[in-house]
Amino acid sequence: METLFITKRSDGLVSLSDANGFHLGSFSNAEQAAKWARDNGYRTQDRTTGKIVWRNPSAEIQLSRFPDGGFVIHKISVDGASGRFSAWFDATGKLLDAEQLIGNRSRPVKRNGPIWEILKTVGGRHTARNPAGDYPSRLRSSVRQTFLNDADDVKWLRETHLKDKNLNNGPVPPFKSFVLIGNEDSPNELLLYREKHPTVDDKPTRATLMDNGHYSLAKVI
């Protein structure tokens, strides 16, 4: 079972990352970070205390592999989203299809929507290693995309990257959730959603990092 690491930040939030320092998301507190990790089949270690928290094995994700190298993962949890998710990947870890399960009902996940972007990042962690014992270079160079809808994360984004002085145009519209694309210290792009739990029909406002270091806002049609 892989260990993810919890680190407390200077702004009061905590970050969750893997052993290579790859940022997976920001949370209000260590308990939320540990719960997300447990629900997705990982144990966590607090970098400050060194304490390791093991998850309940009965709640682990379920993974099945196909003869062609592809695989399906069931019982995936996404922070802020209801129910669990199942996702199908090819042998390289590319997301092919996904569905959300709430009780006995299921519905497809919108392609290229905020949940889809989160599920895309899951496959790489379960791709078979190549003969050299390393993950494919495609995974090392892929851009991290993180969906967040906690009020503290929204506040943090407004007070850092989306300050008026950091914008080419504005003002920033009201939003309750967002997808952060790239490194949290300097995201390549931000997708801002009006609703805390976006539906398949919600259109975000896109904030794109420009050459001058500022963000340009545009409504996605």
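Assorted remarks:
- Sole exception among (1) at pLDDT 70 or above; (2) in contact with a Pro (Cβ under 7 Å, 6 or more places away or on another chain) for Ala87, by number: (2)
- Evaluation of Ala19 against (1) modelled with pLDDT of 75 or more; (2) outside any strand (DSSP E or B) (one fails), failing number: (1)
- Index of the failed condition, Phe66 passing every other in (1) modelled with pLDDT under 75; (2) assigned by TED's automatic domain parsing to the domain that holds Lys120; (3) under 13 Å from Val122 (Cβ atoms): (3)
- In the range 178-201, the residues that are modelled with pLDDT of 85 or more and either acidic (Asp, Glu) or farther than 22 Å from Phe22 by Cα (or both): Glu189, Leu192, Tyr193, Arg194, Glu195, Lys196
- Qualifying position, being touching a strand residue (DSSP E or B) at 6+ places or on another chain (Cβ under 9 Å), modelled with pLDDT of 85 or more and either under 26 Å from Tyr193 (Cα atoms) or aliphatic (A, V, I, L, M) (or both), among Val78, Val72, Val109: Val109
The values are calculated or read from the model by the stated rules, or taken from the named source; none is laboratory data. Since this is a predicted model, take the numbers as computed values, not measurements. Glycine also receives a Cβ, built like all others from the backbone with ideal geometry; neighbour counts cover every protein chain displayed.
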